[in-house]
Amino acid sequence: MINNIAVKRNGNPAYLTERAALRRCVEEVVDQTPVIDIHTHLYAPEFEGLNLYGIDELLTYHYLVAEMFRYADVRPEQFWSLTKKERAALVWRTLFVENTPLSEASIGVLTVLNALGIDPNTTDLEEIRRFFEAQEPVAHVGRIFEIAGVGDVVMTNDPLDPQETKIWDRQLPPNSRFHAALRMDRILNDWAAAARAISEAGFAVDPELSAESICETRRFLDRWIAKMKPLYMAVSLPDDFGYFADDARNRLIREVVLPTAAEHGLPFALMVGVRRGVNPALRAAGDGVGRADVKSLEKLCAENPGVRFLATFLARENQHELCVSARKFSNLMPFGCWWFLNNPSIVGEITRERIELLGTSFIPQHSDARVLEQLIYKWRHSRRIIAEALAENYEKLLGSGRFVTKKEIERDVAQLFAGNFQKCIKPLTNEIAAENNG
Ligand code: RAT
Ligand code: ZN
């Protein structure tokens, strides 16, 4: 029987039996499959000043600012006293002119320039500025999405950020490409400050987290869910996050976030392992990484089968454990190679590990882009690595005598780039949720 299948497959021209052709096919499919970028800090153009694009924004990206401080003789307070253009010029001179731009974030800027037809060898920042100043913002967004092969992006939306809330309050029509994610950081990581802000917004919450506070915080979230129509709720958590302790954060997760997620059919995304403010003088560039406890995520998944969890960990040391946990819980979807992990060598390692343990049942990458044009480099670089890791595994399949078709590769890549996320955001049917909870 098995032999018959092999013979049948051998004779079928749809099967990619030759390694080089297989590799080409994987690269082509990975390049051409549009992606849903499930976590970014981008904003739709109607968010006006929050929609960041252009060379000055690219150069003042905090990944580059951190690198600039390693070379330039400038103190943080001096740097922050400069205008954005002056900061950008300093980063340009330091990382691109006086030194060779070898880091992932600096090669990224050059990938962007190259893709937009600007000579990456130029040292003339003014010439680059003129190019970006000449772009019409809305058309520019369309062009960047096209070049990056991105179909949709998910923003990061904070219901306690006054800059954002004033725009949401205008009740803009939904944008078909920019979707919301309800970010819970302020509520879950600094309840005392959040309680003040939520009560100023007219909800009866107190720092002690009384029963009324819990109800009112849920009412506050319901209101923002109605306004933003988020695809999921999300939080970034420190490396010492544990779901075993009886603290304010865990009460809020248990009594506010999880019931809200279940009621609205929203997944809860956990991004774990950031050590905020390791060097506060560097501001956004001053955060670090720490190894976290994956057991807490397992507890969440086990206790809440009616909720879907998206999870990413910042420490390289947590990646294998995350894969193993995902094998135990079908309501857990690992996603992305987050922040300090978004380097080709580590993306390659993590993607291989995930394919070997999870097949195609994970979300390989998100961009975390803060500046529109970063979509180009982050996806171009990731696609290359994802294609290599996939091709290697299809080759192993060939080695076992099992052939694949282009159609199968297309199906797999569509799952990785969009389908797995779409499945996550599809509410569990009531019956499944009830069965899971029972
Ligand atoms: O990658 C980043 O830009 C970080 O600063 C964070 O924004 C992180 O991705 C987060 O969402 O907290
Ligand atoms: Zn982020």
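The values are calculated or read from the model by the stated rules, or taken from the named source; none is laboratory data. Source: prediction; values computed, not measured. Using ideal geometry, Cβ is built from the backbone for each residue, glycine included, and neighbour counts are taken over all protein chains shown. Note: accessible area is taken over every heavy atom of the protein model, side chains too, but ligands, DNA and RNA are not part of it. Shrake-Rupley method; radii C 1.70, N 1.55, O 1.52, S 1.80 Å.
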Under 5 Å, built H, 5+ apart or other chain: amide partners of HIS179: VAL153, VAL154, MET155
Distance violations [Cα-Cα > 26 Å] among LYS229/LYS299; LYS328/LYS406; LYS85/LYS378; LYS227/LYS426; LYS299/LYS378: LYS229/LYS299; LYS328/LYS406; LYS299/LYS378
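Report, in debye and to the nearest 20, how large the dipole of the chain comes out about its Cα centre when Lys and Arg carry +1 and Asp and Glu carry -1 on their Cβ. Intermediate results must be reported in sequence, preceding the final value.
Working: 52 positive and 60 negative charges, 226 e Å.
That gives a dipole near 1080 debye.
Per residue, how much accessible surface does the chain expose to a 1.4 Å probe? Answer in Å², no decimals.
Working: 19590 Å² over 438 residues.
Ligands and nucleic acids excluded, the figure is 45 Å² per residue.
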Extension gain (nm, one decimal) between ASP222 and THR83, 0.36 nm per residue minus Cα-Cα: 46.1 nm
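At a threshold of 8 angstrom on Cα-Cα distance, excluding pairs fewer than six apart, so keeping six or more, what relative contact order does the range 1-132 reach in percent?
Working: 63 pairs, mean separation 25.6, N = 132.
Over the range 1-132, the number comes to 19 percent.
Over all directions, what mean area does the Cα convex hull of the range 173-328 project, stated in square nanometres? Write out the running numbers ahead of the final one.
Numbers: hull surface 42.3 nm².
Its average projected convex-hull area is 10.6 nm².
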Radius 11 Å from Cβ of VAL205, net charge of other residues (Lys, Arg +1; Asp, Glu -1): -2
Furthest towards positive pole of dipole, TYR394, LEU282, MET333, structure part the chain, Cβ charges: TYR394
Percent carbon-and-sulfur accessible area, the chain, ignoring ligands, DNA and RNA, probe 1.4 Å: 51 percent
Rg over Rh [alpha-carbon atoms, Kirkwood Rh] for the range 57-133: 0.94
Mean shadow area of the chain over all directions, Cα convex hull, nm²: 23.7 nm²
Extension reserve of the GLU48-TYR71 stretch, reckoned as 0.36 nm per residue once the Cα distance is removed: 4.9 nm
Size-normalised alpha-carbon gyration radius of the range 120-256, reference 2.2 N^0.38 Å: 1.38
Taking the range 57-133 and dividing mean pair separation by its residue count, relative contact order in percent (alpha carbons under 8 Å, at least six apart): 29 percent
